[in-house]
Amino acid sequence: MTPAVPRRPRAGARRVTLKDVAAHAGVGQITASRALREPDKVSPHLRERVLESMEALGYVANHVASGLASGSSRVVPVLIPTLAHSVYVPFLHGVHEVLERQGYELLLATTEYLPATEAQLVSTLLGWFPAGLLLAGVDHLPQTAARLRQAVAAGLPVVEFMDLADAPLDMNVGFSHRAVGEAVAHWFADRGYRHIGYAGTLAANDVRSARRAEGFAAALAARGLPAGYDLRVDEPFSIALGGRLLAQLLERHPQLQAVFFANDDLAAGAVFEMQRRGLQVGRDLALMGFNDLEIAAALYPSISSVAVDQHGMGRRAASLLLERLAGRRPASPRIDSGFRIIERDSTSGEPRPSTWRT
């Protein structure tokens with residue numbers, strides 16, 4: 001059976017207005033407007049009456065018109081690199097928790113790690129008079145950065161998240177990816193590992209992953225440890241790819257004692273590859289992931305990982321934006337959300353001699 005297609009209003013049919021909603025709810029038009037745009041300024045009972053009237057009348061808010069009239073809307077676009085990775089879900093949840101209570105709505109867009117796509121999205125979204133803008137990362141094309149600085153100067157709050165900038169465009173919540181790489185390298189070195197590799201994906205576009213790899217290599221060099229056990233490919237990450245990356249690393253460098261993976265999905269694939277080869281995870285080879293996703297703790301053997309408080313980062317980003325919208329300058333417009341290494345089964349053994357596989 002063919003599904004019904006919603007019909008457009010008949011030509012000449014009158015659009016339901018906020019005045020109609022207010023009359024139906026038995027409140028003033030200003031109260032109806034506040035119930036939609038500033039829910040904290042009306043009682044829950046009144047807001048419920050207004051929402052019920054909206055539903056009964058089929059009212060649809062004209063955000064374009066209200067944005068033109070006020071110079072901004074109640075919409076906050078959030079630009080993330082991809083929908084293929086669950087790591088952004090807790091961040092978005094944190095943002096939603098804070099903004100939803102203040103009557104703001106999130107608009108999600110993805111850049112697919114492409115700076116040109118980010119530039120186009122920023123240009124388009126600014127034309128819709130958003131209340132603010134949240135951007136993953138701190139690396140932008142020069143023209144994008146210039147456009148955003150102009151918007152900030154005109155009063156638009158902008159929060160860059162997931163990385164730290166020396167000079168943010170406006171506000172910034174994140175952590176140093178280079179520091180993550182350095183910390184993992186030192187963590188392995190302090191435990192006696194000498195031959196330590198790195199495996200990652202999206203080498204050409206994921207600048208945050210690249211910073212982790214750079215910090216990792218720099219710290220290994222500073223400790224006088226061998227370099228060159230690095231394998232990065234320009235492919236989307238997946239569990240299956242993690243297994244293939246580990247297989248290639250072991251073929252090229254059988255002396256490897258430990259591997260740091262760009263994310264937990266890749267590390268999970270490496271666990272399965274080791275099991276296929278009859279190798280003991282944590283004893284024959286140590287593995288470290290990144291992001292501390294649910295799979296890292298749920299898998300057996302479990303995977304050591306670098307934990308980042310994505311949910312808290314989302315809440316902080318949203319709170320910064322609200323402070324600016326309230327006309328206040330945040331006391332700390334640049335917040336380092338930090339990270340921590342979680343040790344599990346995949347790094348629980350003593351380092352094997354580097355020659356045992358050769």
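Things worth noting here:
- Net length available on complete extension from LEU141 to THR117 is 7.6 nm, with 0.36 nm assigned per residue and the Cα-Cα distance removed.
- Our coupling estimate for segment 91-98, obtained by passing each phi through the Karplus curve with A = 6.51, B = -1.76, C = 1.60 and θ = phi - 60°, is 4, 4, 4, x, 4, 4, 3, 7 Hz, Gly and Pro reported as x.
- For THR111, residues with placed amide H under 5 Å, excluding near neighbours: ILE80, THR82
- As a proxy for reagent exposure, ranking THR117, THR347 by other Cβ atoms within 10 Å from fewest up yields THR117, THR347.
- Computed from label points 7 Å out along Cα-Cβ, the spacing between ARG223 and HIS186 is 1.0 nm.
- Taking each DSSP H run with n ≥ 4 as -39500 (n - 2.57) and averaging over every residue of the chain yields -13500 deg cm²/dmol at 222 nm.
- ASN172 long-range amide H proximity, modeled H, under 5 Å: GLU160, ARG334, ILE335
- Candidates ASP309, ASP230, ASP190: whichever shows maximal mean-square fluctuation once the chain is modelled as a Gaussian network with Cα springs under 10 Å: ASP190
- Efficiency of FRET between ALA298 and ARG340 - r from beta-carbon atoms, R0 25 angstrom, step 0.05: 0.85
- Placing pseudo-labels 7 Å out from each Cα toward the beta carbon at HIS311 and TRP128 gives an inter-label distance of 2.8 nm.
- Each Cα pair under 8 Å and six or more residues apart adds its sequence gap; the mean of these over the residue count of the chain is a relative contact order of 15 percent.
- Applying 1/(1 + (r/R0)^6) with R0 = 56 Å to the Cβ-Cβ distance of ALA204 and GLU52 gives a FRET efficiency near 0.60.
- Charged neighbours of LEU106, selected by a Cβ distance under 14 Å, balance to 0 (K, R count +1; D, E count -1).
- Net charge dipole size for the chain [Lys, Arg +1 and Asp, Glu -1 on Cβ; Debye, nearest 20]: 840
- DSSP bridge analysis restricted to the chain gives an antiparallel fraction near 10%, rounded to the nearest 5.
- Relative contact order [Cα under 8 Å, 6+ residues apart], segment 18-61, whole percent: 42
- Backbone N under 13 Å from the ASP234 label point (7 Å along Cα→Cβ), restricted to segment 176-203: 202-203
Every read-out reported here was derived from the displayed coordinates using simple, explicitly stated rules and does not represent laboratory data. This structure is a prediction, so every number in the text was calculated from the model and none was measured. Glycine also receives a Cβ, built like all others from the backbone with ideal geometry; neighbour counts cover every protein chain displayed.
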